[in-house]
Amino acid sequence: MIIKLSDIEDRLVLKGEMTNKAFENLGEKQFTMESPVLYELLVAKQEGSIRITGPVKSTVTLTCSRCLEEFSCSFNTHLEIELAPKDLLPQGSEVELRADDLDIYFYDGDEIDLDPLIYDEVLLNLPIMPLCREDCAGLCHACGKNRNFEPCSCSQAANTVLGEKLKNFLNT
């Protein structure tokens, strides 16, 4: 969604949804969207900058890192971004950044595209190692059975060639 800065008098409330098509072009399939991304954003002009805040929520399907089963995961996050004109971008080859500078994005012209900002917020709120549940037992490393559904009789201390070499190295 593109907004024109001239359309914002003081504040503007934007409600909408971002379709699943925006997330289909990822290089690797980390997740699939179950529902569109819903947002209700308050866009407010401040002293020389634009502040965008509001909830962003959706439901995605992820693959568990331990048992490789797919599961549904809902998230409800709060977008909070400050945008400043590109003219205010510090000039020079070396610039010292303060903590406040890390939360500022810069725009050029009279239009701001909100889709990349919402897209980034969704990706940043996905878990790095998704788990179907906290106590997921995962797959047996020897036989491959899903230990959440069926126990296996494999030895828990399976020896590997690399493990034996490491054990010998540490014991000498």
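The values are calculated or read from the model by the stated rules, or taken from the named source; none is laboratory data. As the structure is a computational prediction, the values presented were derived from the model and not from experiment. Counting neighbours? That spans all protein chains shown, and the Cβs are built from the backbone with ideal geometry, glycine included.
If we keep just the residues of the range 105-129 that are acidic (Asp, Glu) and assigned to a helix (DSSP H, G or I), which is surrounded by the most Cβ atoms within 10 Å (Cβ to Cβ)?
Only one residue tops the list, namely Glu121.
Taken together, the residues in the range 51-77 that are out of contact with any Cys (no Cβ under 7 Å at 6 or more places or on another chain) and either at pLDDT below 90 or part of a loop (DSSP other than H, G, I, E, B) (or both) amount to 3.
Residue pairs whose Cβ atoms lie under 9 Å apart, sitting 6 or more positions apart in sequence or on different chains, and linking a residue in the range 122-135 that is in the same structural domain as Gln30 (by TED's automatic domain parsing) to a partner that is at pLDDT below 90 and in a loop (DSSP other than H, G, I, E, B), are Leu123/Leu26; Leu123/Gln30; Leu126/Gln30; Pro130/Gln30.
Sub-8 Å Cβ pairs linking a first residue in the range 142-168 that is within 29 Å of Glu70 (Cβ to Cβ) and outside the structural domain of Cys64 (by TED's automatic domain parsing) to a second residue that is part of a loop (DSSP other than H, G, I, E, B) and modelled with pLDDT under 75, at least 6 apart or interchain, are Ala142/Ser155; Ala142/Ala158, ordered by first then second residue.
Inclusion of Leu83 among residues that are in contact with a helix residue (DSSP H, G or I) (Cβ under 9 Å, 6 or more places away or on another chain) and either at pLDDT below 90 or surrounded by fewer than 16 Cβ atoms within 10 Å (Cβ to Cβ) (or both) is warranted.
Within the range 33-45, the set of residues being surrounded by fewer than 20 Cβ atoms within 10 Å (Cβ to Cβ), touching a residue at least 24 places away in the same chain (Cβ under 8 Å) and not in a loop (DSSP other than H, G, I, E, B) comprises Met33, Glu40, Leu42, Ala44, Lys45.
Any idea how many residues of the range 37-49 are modelled with pLDDT under 90 and within 16 Å of Glu121 (Cβ to Cβ)? Talk me through it step by step, then tell me what you get.
Within the range 37-49, the subset modelled with pLDDT under 90 is 45-49.
Keeping just the survivors that are within 16 Å of Glu121 (Cβ to Cβ) gives none.
Total satisfying the criteria: 0.
Looking across the range 56-78 at every residue that is touching a Phe, Trp or Tyr at 6+ places or on another chain (Cβ under 7 Å) and under 23 Å from Asp115 (Cα atoms), the one that is surrounded by the fewest Cβ atoms within 10 Å (Cβ to Cβ) is identified as Thr61.
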